[in-house]
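Worksheet: one structure, shown below.
The values are calculated or read from the model by the stated rules, or taken from the named source; none is laboratory data. Everything numeric in this text was worked out from a predicted model, so none of it was measured. Here the Cβ positions follow ideal geometry from the backbone for every residue, glycine too, while neighbour counts run over all protein chains shown. Protein only, heavy atoms only, side chains kept; ligands, DNA and RNA dropped before computing areas. Shrake-Rupley method; radii C 1.70, N 1.55, O 1.52, S 1.80 Å.
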Amino acid sequence: MQMLNKGTSRLISLRNIAVIAATLAFLLPVRAQDGYEPDRRVRGTLRVWGSAQMQELMRLWEAGFRQFQPEVRFEEKLNGTVSAMGGLYAGAADLALMGRDIWPEEAMAYKQTTGATPTGVDVAMGSFDVPTKADALMIFVNRDNPLSSIRFDQLAHLFECGDTGSPKWSDAGVAGQMGSEPAHLYGYLPENAASRFFRARVLHGPGWNCGYRGFGNLEQTGKPRIDAGRQIIEALSTDPLGIAIANIHYATPQVKVLALSEGPGLPYVVADRSDYIAGRYPLTRTVSIYINCSPAHGGCSPAALEFLRYVLSRQGQQDVSREGAYQPLAATHLAAEWRKLDTMR
């Protein structure tokens, strides 16, 4: 056999490396779409505390998981996300069902109690247009407003508390007479989960502009509740100088939704279902599940880890689709959560 010269050998080696790298890049996303196969057989009771809105989804996950792990039982106390982490760090729960992002004070309480950082994975995207299901946030203006898009930095100029005085429409790039007019700000109550998400995602400081008007759900004796989102859009409908945070579920012909960009030079994304499902919409919220992996509680529960593996599997994400309000994680997001889970084992 003729001997290969050093240059040819080096070229072949480089080609082999390129082929291996391409193969790995192709296979990694597929890992996130694998069907569930038990890593080990587990048994016992998993105690679940947290989101009442996720109850139907949780039941689908439980039923699917028990087809593979029939010796596992579930006990639920779904009294709201605000109770979830407390159950976890007190040792009363094995799984904390979080219908929103974990808040800094919850993470701090967990760490101070257990000595460990909270451990969890995102398990689904919130809804596109179903209220109370971690629904995505959209930015609206009155239909007479000439604006069609806005960047995060412009939103921050309008909504955050600063020392520049009352925000004007020129801060959002509006020229002419309207640019000199004040912007009227509408949204959810500042401590609402949606507002806290918006503040963490868009604003730079802890406070809201002093002119911000927040709405809460309005309970009526003997009548249906009036959602905060509906009140926000109704207020905006009669205010040509208004801008509002709400969900597209409440949209009316009197308002329009703006395309969003996360910053200068970055693309604008329209709030439509296809971009949302693909994971491109920038104000999409997620829901997550935390487990107790602190040494003070004996490390990660094998049964809890197996359950999370099911939830992130093809079957678990199909359960999310079946529930109908929440949405499966986009492929790259799902792959990232698998990587998190792999570090817990």
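Worth pointing out:
- Among the residues making up segment 31-72, those that are farther than 25 Å from Met85 by Cβ and open to solvent by 80 Å² or more (accessible area, probe 1.4 Å) are Gln33, Glu37, Arg40, Arg41, Arg43, Arg66, Gln67, Glu71.
- For segment 202-226, the tally of residues that are at pLDDT 95 or above and of a type in the set (D, E, K, R) stands at 1.
- Contact map, segment 281-310: residues that are of a type in the set (D, E, K, R) paired with residues that are open to solvent by 30 Å² or more (accessible area, probe 1.4 Å) and assigned to a loop (DSSP other than H, G, I, E, B), Cβ distance under 8 Å, separation 6+ or inter-chain. Pairs shown: Arg285/Asp101; Glu306/Pro38; Glu306/Asp39; Glu306/Arg40; Arg309/Asp39.
- A count restricted to segment 314-345 and to residues that are within 21 Å of Gln55 (Cβ to Cβ) and in contact with an Asp or Glu (Cβ under 6 Å, 6 or more places away or on another chain) stands at 1.
- Only one entry of Thr113, Thr117 meets the criterion of being open to solvent by 30 Å² or more (accessible area, probe 1.4 Å), touching a Lys or Arg at 6+ places or on another chain (Cβ under 8 Å) and either more than 21 Å from Ala271 (Cα to Cα) or of a type in the set (Lys, Arg) (or both), and that entry is Thr117.
- For Ser313, the test of being out of contact with any Phe, Trp or Tyr (no Cβ under 8 Å at 6 or more places or on another chain), under 23 Å from Thr284 (Cβ atoms) and among the hydroxyl-bearing types (Ser, Thr, Tyr) is failed.
- Residues within segment 104-131 that are more than 24 Å from Ser301 (Cα to Cα) and either among the β-branched types (Val, Ile, Thr) or touching a strand residue (DSSP E or B) at 6+ places or on another chain (Cβ under 8 Å) (or both), tallied: 5
Residue by residue, here is whether (1) under 30 Å from Arg322 (Cα atoms); (2) more than 17 Å from the chain's Cα centre (by Cα); (3) of a type in the set (A, V, I, L, M, F, W, C) holds:
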position: Ile102; (1), (2), (3): yes, no, yes
position: Gln112; (1), (2), (3): no, yes, no
position: Gly115; (1), (2), (3): no, yes, no
position: Val121; (1), (2), (3): yes, no, yes
position: Ala134; (1), (2), (3): yes, no, yes
position: Asn142; (1), (2), (3): no, yes, no
position: Leu147; (1), (2), (3): no, yes, yes
position: Val174; (1), (2), (3): no, yes, yes
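- Out of Leu147, Leu88, sole residue that is of a type in the set (A, V, I, L, M), open to solvent by less than 10 Å² (accessible area, probe 1.4 Å) and either within 24 Å of Val202 (Cβ to Cβ) or in contact (Cβ under 8 Å) with a residue 12 or more places away in the chain (or both): Leu88
- Only one of Gly242, Gly229, Gly265 that is over 30 Å from Pro104 (Cα atoms) and buried (at least 19 other Cβ atoms within 10 Å of the Cβ): Gly242
- Checked against the criterion of being surrounded by 14 or more Cβ atoms within 10 Å (Cβ to Cβ), over 22 Å from the mean Cα position of the chain (by Cα) and not basic (Lys, Arg), segment 279-291 has no qualifying residue.
- Cβ pairs under 6 Å, 6+ apart, first in segment 42-58 and farther than 24 Å from Gln327 by Cβ, second part of a loop (DSSP other than H, G, I, E, B) and among the acidic types (Asp, Glu): Arg43/Glu71; Leu46/Asp94; Arg47/Asp94
- Members of segment 223-281 that are touching a Phe, Trp or Tyr at 6+ places or on another chain (Cβ under 8 Å), among the hydrophobic types (A, V, I, L, M, F, W, C), closer than 21 Å to Gly324 by Cβ and in a loop (DSSP other than H, G, I, E, B): Ala251, Ala271
- Filtered residues of segment 91-106 (kept if over 19 Å from Thr286 (Cβ atoms) and surrounded by 17 or more Cβ atoms within 10 Å (Cβ to Cβ)): Ala93, Asp94
- Take the conditions (1) buried (at least 18 other Cβ atoms within 10 Å of the Cβ); (2) small (Gly, Ala, Ser); (3) over 20 Å from the mean Cα position of the chain (by Cα); (4) under 18 Å from Arg151 (Cα atoms); Ser294 misses just one of them, which is (4).
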